[in-house]
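This report refers to the structure that appears directly beneath it.
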Amino acid sequence: MKTFTMPGTNLTVPNVIAGMMRIEDLDDAAIRELVDAALAAGINFFDHANVYGSTLHRCEERFAAALEWSSSTREQMILQTKAGIVPAGPYFDFSYDELTTQVDQSLKALRTDYIDILLLHRPDALVEPEEVARAFDYLHSSGKVRHFGVSNHTPGQIELLKSALDQPLVANQIQLSITHAPAIAQGVAMNMAGLDQSISRDLGVVDYCRLNGITLQAWSPFQAAFFTGVFLGNPDYPELNQLIDDLAARHGVEPMAIATAWILRHPANWQVVLGTTKPERVAAAAAGSEIALTRAEWYALYRAAGYQVP
């Protein structure tokens, strides 16, 4: 597993993350098996959110209850969680009271006294940067949160937050897969009139994060589009899957590893967030960490996914 020092932190992180969004219905043994598979693959970074599960903090609770960890075990893991969504309404709330309350609830659910990275989970249209700054100052000075980031934020939204923050924003988690890559594809076809690919949907977030030392994390790395199902093995993508299968055979890995390697080949130093609950799939996808696709292979996959190269 390839690792790197995340800019703005002292954390050595793997370039593949184990997402815990779907563990609610697993029993304790299955959760431990999933975590053990991740650790065996070199993944010690686990991604959570307060809204994962049928009730608030449910997946965080299941994770901690299954592991029954000690302080020494906790120190070996990197825990990331998210705050700011209020499903019952008002939907998004980045106020001091809401953020600090949600973090306290996450700490209790995770049975820990600190969170390594806290992400603001999707933008709050009514955000007041000074309120976020007050919350971050308290959470950081109290030792409850060590580092901060965002999820699904544009460069302008990040700059607005930074205008009031004392802490650096170290991560931005956005959706990315071979078939859902507008963040990358727009720049390749910039200014081509009449081509949907040329429309900027994120205002250059990839280049912005690279310039500002913000680590990009890719969620739904195997989704065809916005929750439309996976592209791997999908008959709607015959050319892409044939090429993925050919490359998988050439590299001696499963197709999931090639899909992972495509994201990790990008020089922005991405992290891929896995969402699977199957230990064997964690191992299969994690193998992509060590595969360095050639430029020809990367662009061939890009074109087979339906993107144009002018």
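The values are calculated or read from the model by the stated rules, or taken from the named source; none is laboratory data. Quantities reported herein were computed from a predicted structural model and do not represent experimental measurements. Note: ideal-geometry Cβ built from the backbone for every residue, glycine included; neighbour counts use all protein chains shown.
Numerical summary
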read-out: Subset of the range 96-122 [within 21 Å of Asp166 (Cβ to Cβ), touching a helix residue (DSSP H, G or I) at 6+ places or on another chain (Cβ under 9 Å) and either touching a residue at least 40 places away in the same chain (Cβ under 8 Å) or among the aliphatic types (A, V, I, L, M) (or both)]; value: Tyr96, Leu99, Val103, Ile115, Leu118, Leu120
read-out: Single residue of Ala125, Ala83 found to be among the small types (Gly, Ala, Ser), touching a helix residue (DSSP H, G or I) at 6+ places or on another chain (Cβ under 9 Å) and modelled with pLDDT of 95 or more; value: Ala83
read-out: Scan of the range 143-160 for residues that are over 20 Å from Trp270 (Cα atoms) and either touching a Ser or Thr at 6+ places or on another chain (Cβ under 9 Å) or buried (at least 23 other Cβ atoms within 10 Å of the Cβ) (or both), ordered by number; value: Lys144, Val145, Arg146
read-out: Candidate set from the range 245-261 (those that are hydrophobic (A, V, I, L, M, F, W, C) and more than 21 Å from Lys278 (Cα to Cα)); member that is farthest from the chain's Cα centre (by Cα); value: Ala249
read-out: Counted residues, the range 38-82 - those being assigned to a loop (DSSP other than H, G, I, E, B) and among the hydrophobic types (A, V, I, L, M, F, W, C); value: 7
read-out: Trp262, sole failed condition from (1) in a helix (DSSP H, G or I); (2) among the aromatic types (Phe, Trp, Tyr); (3) in contact with a strand residue (DSSP E or B) (Cβ under 9 Å, 6 or more places away or on another chain); value: (3)
read-out: Count of the range 22-38 residues which are within 20 Å of Val272 (Cβ to Cβ) and either crowded, with 17+ Cβ neighbours inside 10 Å or among the polar types (S, T, N, Q) (or both); value: 5
read-out: Any hit, the range 217-234, residues being in contact with a helix residue (DSSP H, G or I) (Cβ under 8 Å, 6 or more places away or on another chain) and within 30 Å of Gln167 (Cβ to Cβ); value: yes
read-out: The range 76-95: number of residues that are within 19 Å of Lys144 (Cα to Cα), loosely packed, with under 13 Cβ neighbours inside 10 Å and over 21 Å from the mean Cα position of the chain (by Cα); value: 0
read-out: Residue check, Asn241 out of contact with any helix residue (DSSP H, G or I) (no Cβ under 7 Å at 6 or more places or on another chain) and at positive phi; value: no
